[in-house]
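Below you'll find the structure, written out as structure tokens, and then a few comments.
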């Protein structure tokens, strides 16, 4: 019997159907999700350093995130969740696409990793009163409905003193030309229709949606070298960017 998908105001059925259709390709590093695989390898280093610095873990150890409870919202097939679990974190991954969760569970089983994957919305998890040391919204906020309400819900999932990390694409003409027209329609690096310009998110919209309890700790732009497909930090936030924010006082 198929488990019905979660229902929540932030969920766009068209977005769910799109990722359900691609779910079997999550772990194909040369398939449609190759940008996420390469981006993941890059951003894990960023998360390791920033979470470690802010929450006092041992960045130089083999398991620098040991003892921390992390939430990966929109975990997909588990690419990021598995990387964080290998660094010692206790990871909960949630997604609203059932096929994504099944793929993630099977891959984690084959990898010998203990991860808590759930077919659940952020709203439902927040209603349970759950809180985490860090909540990760990586390439998610540009796919949801009612962004301010979604961010407010996500904010309640962060414990006082904990972190929210957001990675997304800015709503600028540069982002339209590079991330949508270039990456999807000219170079074919991602399937056409992966992103919609009107749903891209400016940094100020992230901070406004999270509100006063959160203060910005760090931000960086992310750029890709089109010749070798490598990712690098950038001062320019006009295309891809990442934000790290802390909630209130510890």
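The values are calculated or read from the model by the stated rules, or taken from the named source; none is laboratory data. Just so we're clear, the structure is a prediction, and the values are computed from it rather than from any experiment. Here the Cβ is made from the backbone with ideal geometry for all residues, glycine too, and neighbour counts use every protein chain on show.
In this structure, is residue 85 in contact with a strand residue (DSSP E or B) (Cβ under 7 Å, 6 or more places away or on another chain), crowded, with 17+ Cβ neighbours inside 10 Å, without any contact (Cβ under 8 Å) to a residue 40 or more places away in the chain and under 19 Å from residue 64 (Cβ atoms)? Even if it seems obvious, please write down each step before you answer.
Working: in contact with a strand residue (DSSP E or B) (Cβ under 7 Å, 6 or more places away or on another chain): yes; crowded, with 17+ Cβ neighbours inside 10 Å: yes; without any contact (Cβ under 8 Å) to a residue 40 or more places away in the chain: yes; under 19 Å from residue 64 (Cβ atoms): yes.
Answer is yes for this residue.
Just checking, which of 166, 144 is under 14 Å from the mean Cα position of the chain (by Cα), within 15 Å of residue 199 (Cβ to Cβ), surrounded by 22 or more Cβ atoms within 10 Å (Cβ to Cβ) and modelled with pLDDT under 95? Walk me through it before giving the result.
Numbers: 166 fails: modelled with pLDDT under 95.
144 is the lone residue from the list that is under 14 Å from the mean Cα position of the chain (by Cα), within 15 Å of residue 199 (Cβ to Cβ), surrounded by 22 or more Cβ atoms within 10 Å (Cβ to Cβ) and modelled with pLDDT under 95.
crowded, with 17+ Cβ neighbours inside 10 Å, modelled with pLDDT under 90, under 17 Å from the mean Cα position of the chain (by Cα) and farther than 24 Å from residue 187 by Cα: is that true of residue 96 in this structure?
Numbers: crowded, with 17+ Cβ neighbours inside 10 Å: yes; modelled with pLDDT under 90: no; under 17 Å from the mean Cα position of the chain (by Cα): yes; farther than 24 Å from residue 187 by Cα: yes.
No; evaluated as a whole, the condition is false for this residue.
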Out of (1) assigned to a helix (DSSP H, G or I); (2) at pLDDT below 85, the one residue 58 does not meet is (1)
Here the residues within the range 190-210 that are surrounded by fewer than 18 Cβ atoms within 10 Å (Cβ to Cβ) and in contact (Cβ under 8 Å) with a residue 60 or more places away in the chain are 191, 193, 208
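Would you say residue 101 is in a helix (DSSP H, G or I), in contact with a strand residue (DSSP E or B) (Cβ under 8 Å, 6 or more places away or on another chain), in contact (Cβ under 8 Å) with a residue 12 or more places away in the chain and within 25 Å of residue 35 (Cα to Cα)?
Values: in a helix (DSSP H, G or I): yes; in contact with a strand residue (DSSP E or B) (Cβ under 8 Å, 6 or more places away or on another chain): yes; in contact (Cβ under 8 Å) with a residue 12 or more places away in the chain: yes; within 25 Å of residue 35 (Cα to Cα): yes.
So residue 101 passes the test.
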How many residues are farther than 21 Å from residue 74 by Cα, in contact with a strand residue (DSSP E or B) (Cβ under 7 Å, 6 or more places away or on another chain) and assigned to a helix (DSSP H, G or I) when one looks only at the range 152-192?
1
